[in-house]
Structures are given as structure tokens and as C-alpha cells.
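The structure under discussion appears below in the form of C-alpha cells.
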Amino acid sequence: MQEKEVVSGKLDELKAEYAKTKHNKATNKHLGILRAKIAALTKQMTAKRGKKGIGFAVKKTGDATVALVGFPNAGKSSLLTSITNAESKVAAYAFTTLEAVPGMLSYGGAQIQVIDLPGLIEGAHIGKGGGAQIASMIRVTDLLLFVVDIARPENVYTLIDELDELGIKVNRQRPEIKIEEKRGGGLLIEANGRKVPETHVIRSILNEFDIFNAVVIFKQDATEDDLVDVLSENTMYIRGMIALNKIDTANPAQATKVSNELSSRTGMEVVAISVSAETNLELLKERIFRNLKLMKIYLKPKDGQPDFSKPMILQSGSTVQALAKSLHTKIADNLKYALVNGKSVRFENQRVSPEHRLQDGDVVTLIYTKA
Ligand SMILES: Nc1nc2c(ncn2[C@@H]2O[C@H](COP(=O)(O)OP(=O)(O)OP(=O)(O)O)[C@@H](O)[C@H]2O)c(=O)[nH]1
Ligand SMILES: [Mg+2]
């Protein structure tokens, strides 16, 4: 038998054991170590497999990318067809969409790529419904838009759990745990009174990742799971929001109640919509734009007027250097400084370094040597 098959068999065993172990206080440590074993083996497998070989790739274009995720029949394709220039097949039965279909949404001067994905279902993380491929698509996006049928709002919780199992954490921060590997000296834990797992559990988890000498600094309370997440390099953190669809089939009070419940339980923004009745679709676009945290930057030639008709769209918090890079690598390489007007500076035409962080609406003149 090949090594890969052995690893994969072992993984299945561990996953089965994890699935049948009851979650409670007494089993927490055991589960933490099991998760560490699973994550370490998964890391080993993916490292061997490399980054290639995953189906339906869509080329990332535009200023940002949003993926539509939801159970079959929730209305993802209907939504893509109505808010973008593309068309994705719509039908009254499940599993209509079998591959990723991209479309482009123009909003607020930005080109937002929206990707319609096949329905994701319970069990996606173990391969049902092509979960792994869907996950690989989700990994390249900037925002997840959960599309949920108002008749089945609880599906969102299932989706969040499934994504969690796939190493995709929605609307969560990376735990602040620093792990510095050393050549010797064993394990040193700095917790500063914070609530963290017992030392022998931390040791077992680290050992699963072949770490025997390290300084582990906890900057927050942390669980076994948090530690495993930090160690599994594959874990990714992504922002999410919810489109609660088909509100034409419910009464307004019901829509409000369900929206509030979803937002308080998930921490995500919820927009109640109906694709069929075209309700709140403009609002949804605005919220997508806002949740992507994009900003508009206007360029001004050294001796000319700013061009307000064609803003540059960048991620919030981007630097002058990033702006230069989005124009041309040559400009970025030869950038000296910039002159800025707007919210990020205190004076008119303030001279700033390439590391300066811009703010929405800033007007920027890049000064670079022409090579
Ligand atoms: N009443 C109502 N029906 C809707 C709405 N949006 C979509 N539908 C219907 O729901 C059904 C499924 O829509 P699709 O857009 O194909 O759903 P999907 O999420 O892409 O489904 P899969 O590709 O199978 O995952 C179709 O019959 C649509 O006409 C809505 O706002 N209200
Ligand atoms: Mg579809």
C-alpha cells in the first residue's frame, strides 16, 4: 500500500473516532489532541498533493471576489443572474448548479466578481457534494455571501459547521497565539494568567505537529481548538454575510424575526431579500460593497487635476505602496513618496512615505523616478 493511502486510512479512523466521541468537559482534552492529529495528518497530505489538481477553477478578476454559498435550491443562481451580467441556470430542483459560475457586479465604481457555487450540504467536509472543491474556491474569495431560504434559516448553522470542518472560519479572528520554534530547551509557555489548556495537553498537541522545543505565547484565553487552528496552516479566516432569500413567501414580521435571530447567533449582517420580487436587491449590493471594506482612491497627476471619474479600488487599510503596485510594478519599484489630500492626512498636499495607510476618498499624487 502507498504511504498516501496509509495516511488517508488513518485519517478516516481518526475522523470516525472524533465523530463518535461525545463533546463535554471530560472529553475536551482528548478531542483537542484528536483534532491535532487530524490537522497534522491533513497538513501532511495536502503538502504531498501540492496545490494543483483541484477542479472547477475560476480566474479571479475584478477588485474583489464574493462567493455565494448555500444549500441546494436556496436561490444562489437566481441571485447571480439578477445582480450580475452573467446567467446561471435556475431550476426548481436541487443540484442545478454543478460548477462555479462567475459573474461581474458593478457597484460604487468597483468591479465585484460574484461566483455562484453548487449547493453545499451537510457532510460537505467529507466529500459529499464536492465539498473539497467548493472549499478550494471559497479560499480565494474575499467575502462569503450565504444565501438562505427563509423556510430553512437553520441551514446557515450547518453551513458554518461544515466550513469549520474544512478549515474555513467564518467571521472569526485568528486566535492570538504566537509559537516560536527553538532548537532546544523544551516547551516554555507564557500565559500571563490567561485561561489556556493544561501544559501536558499543549505539549501533546504541539508534538503532533512535530514541535518539541518552542516558546508559546498566549495573548488571549484559548482552547485546545484555538491552538490547533493556529498550528494548521491551512486554516483560513473569512468575512461572511447573509442574504435571507424568498421573503416573498413569508410575512414581514417573520422576516424580521428570523433576520434578528440569524444575526445575533452568527454575528453576521443579514439582508432580507426576494430575488423573485426584486426586494432589497440594491440594499444587498450596497452591503456587499460595505462588507468587502473597499475604498476609493483618486489619482492626481503632479501638475494636473484629480480624475474623479475613475477611482482606484483598494482594500481598506492599503498603503501608498499597494496603490502603486496596483497601477504597475514598475511604478511600485521606483516609488519615492506621495502627496496626499484627504482623511488620512492632516495637511493639504502632505508628503507621505510608501508605507502610509490611505483612507477612503484620498486624492493621491505618486512621485516616482522614471526608470
Ligand atoms: N418564491 C421565491 N422563489 C425563489 C426566489 N429565488 C429563487 N427562487 C426559486 O428557487 C428555486 C431554486 O433557485 P436556484 O437559483 O436554482 O437555486 P440554487 O441555490 O442555485 O440551487 P442549486 O444550484 O441546486 O444549488 C427556483 O425555482 C427559483 O425560481 C425568491 O426570492 N422567491
Ligand atoms: Mg444554482
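The values are calculated or read from the model by the stated rules, or taken from the named source; none is laboratory data. Source: prediction; values computed, not measured. We place every Cβ from the backbone using ideal geometry, glycine too, and count neighbours over all the protein chains shown. Surface accessibility is based on the protein's heavy atoms, side chains included, excluding ligands, DNA and RNA. Shrake-Rupley method; radii C 1.70, N 1.55, O 1.52, S 1.80 Å.
Assorted remarks:
- Over every Cα atom in segment 294-368, the radius of gyration and the widest Cα-Cα span, Dmax, amount to 10.8, 29 Å.
- The phi-based Karplus calculation (6.51 cos²θ - 1.76 cosθ + 1.60; θ = phi - 60°) puts the 3J(HN,Hα) values of segment 299-312 at 8, 10, x, 3, 10, x, 9, x, 9, 7, 7, 10, x, 8 Hz, whole numbers, x for Gly and Pro.
- Across segment 71-77, rounded Karplus estimates of 3J(HN,Hα) from the backbone phi angles (6.51 cos²θ - 1.76 cosθ + 1.60, θ = phi - 60°) give 5, x, 6, 6, x, 5, 5 Hz, Gly and Pro being marked x.
- Computed accessible area, Val345, all protein chains, 1.4 angstrom probe, square angstrom: 20
- Net lengthening on full extension, Ala92/Glu348 (0.36 nm per residue, minus Cα-Cα): 86.4 nm
- Intensity falloff of segment 71-123 expressed as log10 I(q)/I(0), Debye formula with alpha-carbon point scatterers, at q = 0.23 Å⁻¹: -0.79
- Which of Glu269, Glu87 is most accessible, then next, and so on - probe 1.4 Å: Glu87, Glu269
- Among the trypsin sites (Lys or Arg not before Pro) in segment 192-275, those located in a DSSP loop and surrounded by at most 15 other Cβ atoms within 10 Å of their own Cβ are Arg194, Lys195, Lys219.
- Each label point was placed 7 Å from the Cα along the Cα-to-Cβ direction; for Gln254 and Ala19 their separation is 3.4 nm.
- Spin-label pair Thr369-Asn85: with each label point 7 Å from Cα along the Cα-Cβ axis, the two points sit 4.1 nm from one another.
- Kirkwood hydrodynamic radius over Cα pairs of the chain, then Stokes diffusion coefficient at 10 °C and 1.306 mPa s, in µm²/s: 68
- For Asn245, the residues whose amide H sits under 5 Å from its own are Val148, Asp149, Ile150, Ile273, ignoring neighbours fewer than 5 places away on the same chain, with H placed 1.01 Å from N.
- 5 angstrom amide H check on Met104, placed H, neighbours 5+ away: Asn85, Ala86, Val114
- Filtered GluC sites (Glu not before Pro), segment 273-338: DSSP coil and at most 13 other beta carbons within 10 Å: Glu278
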